[in-house]
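Take a look at the structure below.
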Amino acid sequence: MTTSATAPNLPEPLVITLGNLKGGVGKTTSAFFLASYFATVHEHRVLVIDADPLSQTGYSWYRRLRQAEVSVPFDLIAFPSRHVGDCITDNGAKYDVIVVDAGGESADIFKAAVPETDELILVTSVSPSEVKRVPSTYRAAEEAASESSKAIRVRVLMTKVPVTMKSGVNVSTEYRSQRGNLEDAGYDVFESYVSGWKWYREAADGEVGDGAENPIEDLGEYRRVGDELISPYLAAADGPARLAVEVPA
Ligand SMILES: Nc1ncnc2c1ncn2[C@@H]1O[C@H](COP(=O)(O)OP(=O)(O)O)[C@@H](O)[C@H]1O
Ligand SMILES: [Mg+2]
């Protein structure tokens, strides 16, 4: 087991599930960057499970990197099945961190991952239609979590965020209003967010090979997201809170 001086109290393994019952919000991109974060910043052994039954974009991306002989600091397996919970437990001894890309299409698969999860990240852009899907995803998670003995922390990560900086503050109206809606509904929203940058898109969609850089070598804003993700484990005794957000009907 790799021990990291910066994060001594992580569960072994730390299981992170990325979900939103809606596609195209940045789950796979977030899974890759966070996997890289744990592998490079904390030197953890990291596994990504691509559990998206419809679009195995994580698997394809990983294969493309491998074929181009780009060194990727984590392992990835495709396991788009309702038995994803078994896949997590079966790999638990071999990895320090397991990141599950639960996809957007199957509530069954998402719900199968939740009971094995420590950190559930609900990923959404600022688009109102995507933000509106957060409560149903949360409710599905809550249902699944009732069968778990684990304490599962749930946080919302905002991606593809428009940025209009004024005196060091992002004053984008779309960003502020959607963050406000989420916070008013009681969600724990990551302080750090991921901007809508062409660069993140190119990391996933870009061609790699001949002379191309490793697109995930630079963690960008995901470094801060990762630091925030593990911060509760640095703050002593304060155990993770159970699913306890009041979701308005
Ligand atoms: N922060 C971002 N800024 C710009 N484009 C992004 C960002 N995150 C993801 N994308 C792009 O949006 C699309 C959907 O992202 P993806 O991670 O595949 O979402 P999901 O897994 O939720 O379907 C991809 O083309 C991806 O490259
Ligand atoms: Mg995806």
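The numbers here are math on the coordinates, done by the rules we state, and not lab data. Bear in mind the structure is a predicted one, so any value in this text is a computation, not a measurement. Here Cβ is always computed from backbone atoms with ideal geometry, including for glycine, and neighbour counts include all displayed protein chains.
A quick yes/no check of all residues on (1) crowded, with 17+ Cβ neighbours inside 10 Å; (2) under 26 Å from residue 151 (Cα atoms); (3) within 12 Å of ligand 1 (Cβ to nearest atom); (4) of a type outside the set (Asp, Glu):
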site	(1), (2), (3), (4)
34	yes, yes, yes, yes
87	yes, yes, no, yes
94	no, yes, no, yes
105	no, yes, yes, no
122	yes, yes, yes, yes
* **Any chance residue 46 is more than 16 Å from ligand 2 (Cβ to nearest atom), crowded, with 23+ Cβ neighbours inside 10 Å and over 22 Å from residue 141 (Cα atoms)** => yes
* Structure fact -> Cβ pairs under 8 Å, 6+ apart or interchain, first in the stretch 48-64 and part of a loop (DSSP other than H, G, I, E, B), second within 9 Å of ligand 2 (Cβ to nearest atom) and among the β-branched types (Val, Ile, Thr), ordered by first then second residue, are 52/28
* Report the residue count in the stretch 118-129 for those that are farther than 9 Å from residue 154 by Cα and either under 16 Å from the mean Cα position of the chain (by Cα) or aromatic (Phe, Trp, Tyr) (or both). => 3
* Asked: Which residues, counting only those in the stretch 141-200, are more than 16 Å from ligand 2 (Cβ to nearest atom), part of a loop (DSSP other than H, G, I, E, B) and closer than 22 Å to residue 233 by Cβ?
  -> 148, 149, 150, 151, 152, 187, 188, 190, 191, 192, 193
* Does the stretch 130-139 contain any residue that is closer than 25 Å to residue 9 by Cα and not in a strand (DSSP E or B)? -> no
* Structure fact -> Note on the stretch 54-71: residues within 16 Å of ligand 1 (Cβ to nearest atom) and more than 17 Å from the chain's Cα centre (by Cα) are 54, 60, 63, 64, 65
